[in-house]
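The values are calculated or read from the model by the stated rules, or taken from the named source; none is laboratory data. All values derive from a computational prediction rather than experimental measurement. Neighbour counts run over all protein chains shown; Cβ positions are idealised from the backbone, glycine included. Keep in mind that these areas ignore ligands, DNA and RNA; they rest on the heavy atoms of the full protein, side chains included. Shrake-Rupley method; radii C 1.70, N 1.55, O 1.52, S 1.80 Å.
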Amino acid sequence: MTNYELLLEINGKLKENIESLYTSGKMDDLNKCISFANDFNMWLSCCGDFSEYILIKEAQTECINSIYLCAQGFYKEAITTLRQFLEHTLFAVMLSTNDYKYRLWKAGKIDMSWTQMMDRENGIFSVQFIQTYANDIDEIRSMELLVIAKDIYRECSEFVHGNYVRLAMLPDYITYNEKMTDQFIKCFRSIKYVICMALFIRFRETLNNPEILRKLEPLIFDNIGMLPEIQLLYNRGDFRDE
């Protein structure tokens, strides 16, 4: 078999995996992930210059690529890319609050630090950060978000760094695997919640614009709308009366 023929065989296997995904009934769950990729882009369109950050453009690509990789049966690669989506988005949120650090990063003088992003005192989910940018969000969200973000980051990292239990979950040679599809979807759900909360907190002021608030209403309710703080925001008299 030539290399060309091998590549064609692999391509045929990827098509089979997508067909297996469809017949298994998991396509509906993956469709929700694809819908979130569109939601993410819409939310970014309301965040001004933030949407032009190179980190954010890369995060948009990582989000959709992770879904495609999962559909084709590249589960480890899908979860690795999903972790990058989380890291790059949250790092962009952090840099958007500090022009000095942003310039240092552009100059190659500082690197992304998950530890700094998750710092309980000064990170993007610290009480101080939340109260500075979104003082109508309950302080209890700080600990909740830190726990969820750290847990899902660790879970994804176990695939990245070769944890035995995680590697043992992976199928042989690009084979469709329902359990790994469920694993990816589970990780995706947690990450989309963390990212939506990060955007909501950081760009809370944009939602004082009734037009933007209305535009993002379906997106916000689909992803974080069960929180009491969100319910109160959308039930305000000045919003409903318009």
Revision key, fill the gap. Taking every other residue with Cβ under 14 Å from the Cβ of Pro171 and scoring Lys and Arg +1, Asp and Glu -1, one gets -1
Check your understanding: So what's the angle, to the nearest 10 degrees on a 0 to 90 scale, between helix 27-44 and the longest Cα principal axis of the chain?
Key -> 40 degrees
Check your understanding: Any idea what angle helix 178-202 forms with the longest principal axis of the chain, computed on alpha-carbon atoms, 0 to 90 degrees, nearest 10?
Key -> 20 degrees
Exercise for review: Please state, as a whole number in µm²/s, the translational diffusion coefficient that the Stokes-Einstein equation yields for segment 4-127 at 25 °C and 0.890 mPa s, with Rh defined as the Kirkwood radius across alpha carbon pairs.
Suggested key: 148 µm²/s
Check your understanding: What ranking of Thr81, Thr115 comes out by heavy-atom accessible area, probe 1.4 Å, highest first?
Key -> Thr115, Thr81
Point to revise | Among Asp39, Asp49, Asp182: highest mean-square fluctuation, GNM of the chain, C-alpha pairs under 10 Å | key: Asp49
**Study point:** Computed Rg/Rh of the chain, alpha carbon atoms with Kirkwood Rh
**Key:** 1.01
Point to revise | Nearest 10 degrees, 0 to 90: helix 140-160 Cα axis against the chain principal axis | key: 20 degrees
Practice item. Per DSSP H run of at least 4 residues, take -39500 (n - 2.57); add these up for the chain, divide by its residues and hand me the 222 nm value, nearest 500 deg cm²/dmol. Key: -23000 deg cm²/dmol
Exercise for review: Take the alpha-carbon positions of segment 10-59, form their convex hull, and give its projected area averaged over all directions (one quarter of the hull surface) in nm².
Suggested key: 4.6 nm²
Point to revise | Charge context of Glu77, other residues only, Cβ under 12 angstrom, K/R +1, D/E -1 | key: +1
Revision key, fill the gap. The relative contact order of segment 3-237, taking Cα pairs under 8 Å that sit 6 or more residues apart, comes to a percentage of 23 percent
Point to revise | For the chain, size of Cβ-based charge dipole, Lys and Arg +1, Asp and Glu -1, in debye | key: 380 debye
Revision key, fill the gap. Distance in Å, no decimals, from the C-alpha centre of segment 1-42 to the one of segment 133-201 is 21 Å
Exercise for review: Just add up the charged neighbours of Ser24: K/R +1, D/E -1, any other residue whose Cβ is under 13 Å from the Cβ of Ser24.
Suggested key: -4
Review point. Rounded to the nearest whole Å², what accessible area per residue is found for segment 136-242 with the 1.4 Å probe?
Key: 51 Å²
